[in-house]
2 protein chains.
Amino acid sequence: MRTPPADREATADLLGVLAYGELVAFERLAGDARLAPSLGDRSALAGFAAREYGDFVRLTDHLGALGIDAEWAMGPFVAPMTAFHDSTRPSDWWEGLMKAYVGDGIATDFYREVAALLEPATRDLVVDVLGGTELEEFCVDRLRAGMGAEPGLAGRLALWGRRLVGEAMTQAQHVAVERDGLTRLLVAGLSDVEEISRLLTGVTDRHQERMAALGLSG
Amino acid sequence: MRTPPADREATADLLGVLAYGELVAFERLAGDARLAPSLGDRSALAGFAAREYGDFVRLTDHLGALGIDAEWAMGPFVAPMTAFHDSTRPSDWWEGLMKAYVGDGIATDFYREVAALLEPATRDLVVDVLGGTELEEFCVDRLRAGMGAEPGLAGRLALWGRRLVGEAMTQAQHVAVERDGLTRLLVAGLSDVEEISRLLTGVTDRHQERMAALGLSG
């Protein structure tokens with residue numbers, strides 16, 4: 001992997017997509033909280049949502065410190081992310097947890113790879129923002145218990161997981177076509193097609209591992 | 001006004017209704033954020049929501065410190081508050097802001113009066129939690145601008161404001177009938193019917209002032 005010069009356009013893109021992603025994650029978790037089967041789970045999810053908002057503030061503050069307007073940086077990602085979320089509305093508590101687990105997992109893996117190609121201050125912030133595993137652990141715990149108690153839920157969630165991946169890939173392609181900054185960063189930062197393919201394989205492998213952690217095949 | 005002995009049941013009730021109110025306010029503001037006309041207003045409302053979650057944590061922590069189970073304390077208020085919110089779903093950004101402004105305003109005024117009858121540690125926490133005026137200022141600013149720009153909005157919001165008050169009063173009566181702790185605290189803490197009537201008049205007057213601040217009659 002070569003280290004490319006700090007690419008302002010790519011930095012704005014990555015921070016923009018991440019910041020907007022945190023804002024949407026906040027809204028989504030807050031909305032899913034209402035589907036919780038108990039007040040305890042409901043306030044737990046509200047807590048995860050509040051943390052996403054805190055990360056949103058850190059990312060937009062960092063954009064501001066770089067002299068980049070946060071709304072401008074987030075703008076290009078509003079439409080594709082809205083399309084993704086509109087096409088994957090959870091119909092119940094379990095689908096919401098699965099979406100948080102699978103969707104955020106794939107996004108985290110991918111953004112972490114991209115962040116590795118950026119200058120240290122941005123990279124460290126992104127890695128730190130992406131670092132928490134509490135929501136993932138919460139989802140796995142509740143999903144496992146749910147599938148143990150409700151016959152048929154595992155099959156339904158396996159299908160739902162595949163649909164989430166498919167929709168995420170569709171929207172990611174749209175973003176890649178439209179956002180030169182991110183694409184050029186990947187092409188410049190990765191020395192050849194093999195490395196790009198290794199990145200994508202890594203993201204896919206970790207998705208399979210997450211499904212396996214639930215006893216499901218990806 | 002007499003100062004009654006610290007009433008554990010009333011304390012649990014007040015902290016319970018407030019904590020649950022903060023959790024619901026968090027969810028509601030996070031949901032309303034999606035209706036925002038700009039990314040800036042959307043993230044501002046998300047910020048207010050995150051703050052409500054912080055207050056929720058402070059209130060449930062305080063319940064815990066008093067040895068009172070937070071879920072148990074919140075339980076009695078889930079049904080009436082759900083009924084209130086189900087019957088007053090905002091249909092757009094303006095109705096959401098109006099609901100935050102009018103509904104939270106009345107609740108704040110009322111809870112502040114009740115808190116004055118409790119022991120100092122609880123009273124000070126409640127007064128502090130209720131103290132912020134930023135959300136109120138945000139609502140007034142945006143609502144005034146909206147009514148200035150959109151003919152007919154003022155009339156619609158005046159009607160909506162009256163409906164919010166009516167629904168809030170209906171649910172408050174249900175709570176009063178069911179929650180002896182709060183009712184007895186009020187009856188014990190206020191020396192006579194005149195003081196109770198003064199409390200209610202005060203809450204109503206401040207509602208009229210809030211409407212007047214928007215150029216509307218209550």
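The values are calculated or read from the model by the stated rules, or taken from the named source; none is laboratory data. Since we're looking at a predicted model, the values are computed, not measured. Glycine also receives a Cβ, built like all others from the backbone with ideal geometry; neighbour counts cover every protein chain displayed. Quick note on the areas: whole protein, heavy atoms, side chains included, nothing else; ligands and nucleic acids left out. Shrake-Rupley method; radii C 1.70, N 1.55, O 1.52, S 1.80 Å.
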Residue in region B:116-130 that is open to solvent by less than 60 Å² (accessible area, probe 1.4 Å), closer than 26 Å to residue B:37 by Cα, out of contact with any Phe, Trp or Tyr (no Cβ under 8 Å at 6 or more places or on another chain) and away from every other protein chain (no Cβ under 14 Å) present: no
Of all residues making up region A:181-218, the number that are surrounded by fewer than 16 Cβ atoms within 10 Å (Cβ to Cβ) and over 17 Å from residue A:109 (Cβ atoms): 10
Cross-chain or 6+ apart pairs with Cβ under 6 Å, region B:88-102 first and at pLDDT 95 or above, then open to solvent by 10 Å² or more (accessible area, probe 1.4 Å) and of a type in the set (Lys, Arg): B:97/B:142
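Does residue B:33 satisfy being within 20 Å of the chain's Cα centre (by Cα), within 11 Å of another protein chain (Cβ to nearest Cβ) and under 22 Å from residue B:88 (Cα atoms)? I'd like the intermediate steps shown before the answer.
On the way: within 20 Å of the chain's Cα centre (by Cα): yes; within 11 Å of another protein chain (Cβ to nearest Cβ): yes; under 22 Å from residue B:88 (Cα atoms): yes.
Considered against the rule, which asks whether it is within 20 Å of the chain's Cα centre (by Cα), within 11 Å of another protein chain (Cβ to nearest Cβ) and under 22 Å from residue B:88 (Cα atoms), residue B:33 comes out as yes.
Residues in region A:58-72: is at least one surrounded by fewer than 20 Cβ atoms within 10 Å (Cβ to Cβ), of a type in the set (A, V, I, L, M), free of Cβ contacts under 8 Å to residues at least 40 places away in the same chain and within 14 Å of another protein chain (Cβ to nearest Cβ)?
Going through region A:58-72, the residues surrounded by fewer than 20 Cβ atoms within 10 Å (Cβ to Cβ) turn out to be A:58, A:61, A:64-69, A:71-72.
When the remaining residues are screened for being of a type in the set (A, V, I, L, M), the result is A:65-66, A:68.
Remaining after also requiring free of Cβ contacts under 8 Å to residues at least 40 places away in the same chain: A:65.
Still in the running and within 14 Å of another protein chain (Cβ to nearest Cβ): none.
No - not one qualifying residue is present in region A:58-72.
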Residues satisfying the stated conditions in region A:154-180, i.e. surrounded by fewer than 17 Cβ atoms within 10 Å (Cβ to Cβ) and over 30 Å from residue A:142 (Cα atoms): A:173, A:174, A:176, A:177, A:178, A:180
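Residues checked against (1) within 23 Å of residue A:161 (Cα to Cα); (2) away from chain B (no Cβ under 14 Å); (3) open to solvent by less than 30 Å² (accessible area, probe 1.4 Å):
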site	(1), (2), (3)
A:11	no, yes, yes
A:22	yes, no, yes
A:28	yes, no, yes
A:50	no, no, yes
A:75	no, no, no
A:92	yes, yes, no
Residues located in region A:171-194, provided they are in contact (Cβ under 8 Å) with a residue 60 or more places away in the chain and out of contact with any Asp or Glu (no Cβ under 8 Å at 6 or more places or on another chain): A:171, A:172, A:174, A:175, A:178, A:186, A:189, A:190, A:191
Total residues in region B:131-153, condition open to solvent by 50 Å² or more (accessible area, probe 1.4 Å) and in a helix (DSSP H, G or I): 9
